[in-house]
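The structure appears below as structure tokens.
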Amino acid sequence: MIIDATDKILGRMATFVAQKALAGEDVVIINAEKAIMSGSKKGILNKFKARRDRGDSIHGPHYPRMPDKIVRRAIRGMLPTTKASGTIAYKKVKVYIGTPEGIKADDIKLNSKENLKDKRYMILEDICEWLGAKWK
């Protein structure tokens, strides 16, 4: 299964992917940097700053800056990774920035930004740039 993350709500997409991976399907997510997070800009950036500042640089916890790693982290949070089934399911998930050669997304209906009641959201790409990620 190939999912295009463009304009998809990150949490809803992560839940869907976790369920499919636990069911035994291989899941590929493309355009991870185009996923969105709902909420006010100030609230989202404060949450990510608190996550990045928690702990220290040696002992962690280490929170990613890259969009593909943030999406994988969201999916990992919805899997029982302490159990064998969760670990196997997590290995079935691949996340890419952009679209690799020869991959075409399936047409899957997931909640997107049109379904938001409150039209406040941020694109993951902007969040990652604010965190200091360099992939371009």
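Coordinate-derived values only; no laboratory data. Computed from a predicted structure; not experimentally measured. Virtual Cβ from ideal backbone geometry, glycine too; neighbours counted across all protein chains shown.
Of note:
- Structure note, pairs K49/K136; K42/K83; K8/K104; K42/K134; K83/K104; K83/K119: Cα-Cα distances above 28 angstrom occur for K42/K83; K83/K104; K83/K119.
- Under 20 Å of direct C-alpha separation, and excluding same-chain neighbours fewer than eight residues apart, K94 reaches these aspartates and glutamates: D4, D7, E25, D26, E33, D68, D106, D107, E125.
- For the chain, the dipole from Cβ point charges (+1 on Lys and Arg, -1 on Asp and Glu) about the Cα centre works out to 520 debye, to the nearest 20.
- Table column - 3J(HN,Hα) (Hz), region 42-52, Karplus curve with 6.51, -1.76, 1.60, x for Gly and Pro: 4, x, 5, 5, 5, 5, 5, 5, 5, 5, 5
- For region 10-15, 3J(HN,Hα) per residue [Karplus equation, 6.51 cos²θ - 1.76 cosθ + 1.60, θ = phi - 60°, Hz, x = Gly/Pro]: 4, x, 5, 5, 5, 5
- Dipole axis of the chain (+1 Lys, Arg; -1 Asp, Glu on Cβ), positive-most option in Q19, H59, I9: H59
- Computed from the alpha carbon atoms alone, the convex hull of the chain holds 118 Å³ per residue.
- The mean sequence separation of alpha-carbon pairs under 8 Å and at least six residues apart, normalised by the residue count of the chain, gives a relative contact order of 41 percent.
- Each stretch of four or more DSSP H residues adds -39500 (n - 2.57); spread over every residue of the chain, this sum gives -11500 deg cm²/dmol at 222 nm.
- Listed values for region 31-38 are Karplus-derived 3J(HN,Hα) couplings in whole Hz (6.51 cos²θ - 1.76 cosθ + 1.60, θ = phi - 60°), namely 6, 4, 6, 9, 5, 10, 10, 8, and x replaces Gly and Pro.
- The chain: antiparallel DSSP beta bridges as a percent of all, rounded to 5: 40 percent
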